[in-house]
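To keep things clear, I will list the structure first and then write my remarks on it.
The values are calculated or read from the model by the stated rules, or taken from the named source; none is laboratory data. Since this is a predicted model, take the numbers as computed values, not measurements. FYI the Cβ positions are ideal-geometry reconstructions off the backbone, even for glycines, and counts take in every protein chain you see. For accessibility, only protein heavy atoms count, side chains too; no ligands or nucleic acids. Shrake-Rupley method; radii C 1.70, N 1.55, O 1.52, S 1.80 Å.
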Amino acid sequence: QLRLVESGGGLVQAGGALRLSCTASGSIFNINSMGWYRQAPGKQRELVAFIGGSTNYADSVKGRFTISRDNAKNTVFLQMNSLKPEDTAVYYCAAAARGIWGQGTQVTVSS
């Protein structure tokens, strides 16, 4: 079973940036769609961005976040710029169609 491990979370001030990485234990070459999700306290998990044949973003992050992948490194990235306090959440990487999820990484944006 493929495992996904997220890294790069942390505490940042509003307006700052973070880059999340999701490294797979095996090849992601044949996994068409990979995504980043987030869950804030008391809220449902939501899709932030996914990458497949194209990229798609939640309206709340469009223009600020960029998802990319490096199949040679079995890694998916989420570049997050102009962070806002409302971006505070646990961020998860997933190959959702295959039911494979990482353990999550905490992102906290202070005002």
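A few remarks follow.
- Condition check for residue 79: open to solvent by 50 Å² or more (accessible area, probe 1.4 Å), without any contact (Cβ under 8 Å) to a residue 60 or more places away in the chain and not basic (Lys, Arg): no
- Scanning the range 3-15 for residues that are under 17 Å from the mean Cα position of the chain (by Cα) and over 19 Å from residue 68 (Cβ atoms) yields a count of 4.
- Some residue of the range 16-31 being under 15 Å from the mean Cα position of the chain (by Cα), outside any loop (DSSP other than H, G, I, E, B) and modelled with pLDDT under 95: yes
- Residue that is most open to solvent (accessible area, probe 1.4 Å) [pool: residues in the range 16-42 that are aliphatic (A, V, I, L, M) and closer than 13 Å to residue 104 by Cβ]: 40
- Cβ pairs under 8 Å, 6+ apart, first in the range 53-65 and free of Cβ contacts under 8 Å to residues at least 24 places away in the same chain, second surrounded by 15 or more Cβ atoms within 10 Å (Cβ to Cβ) and in a loop (DSSP other than H, G, I, E, B): 64/83
- Within the range 11-59, the set of residues being polar (S, T, N, Q) and either closer than 12 Å to residue 83 by Cβ or in contact with a Gly (Cβ under 7 Å, 6 or more places away or on another chain) (or both) comprises 13, 21, 32, 33.
- The range 74-111 - residue that is of a type outside the set (Gly, Ala, Ser) and under 14 Å from residue 31 (Cβ atoms) and, of those, modelled with the lowest pLDDT: 98
- Selection of the range 80-110 for residues being in a loop (DSSP other than H, G, I, E, B) and charged (D, E, K, R) yields only 84.
- Only a single criterion out of (1) in contact with a strand residue (DSSP E or B) (Cβ under 7 Å, 6 or more places away or on another chain); (2) closer than 18 Å to residue 106 by Cα; (3) of a type in the set (S, T, N, Q); (4) surrounded by 13 or more Cβ atoms within 10 Å (Cβ to Cβ) is not satisfied by residue 13, namely (4).
- Among residues of the range 88-107 that are polar (S, T, N, Q), those with a beta-carbon under 6 Å from a residue that is surrounded by fewer than 22 Cβ atoms within 10 Å (Cβ to Cβ) and modelled with pLDDT of 95 or more at least six positions away or on a different chain give the pairs 88/108; 88/109; 105/9; 106/9; 106/90.
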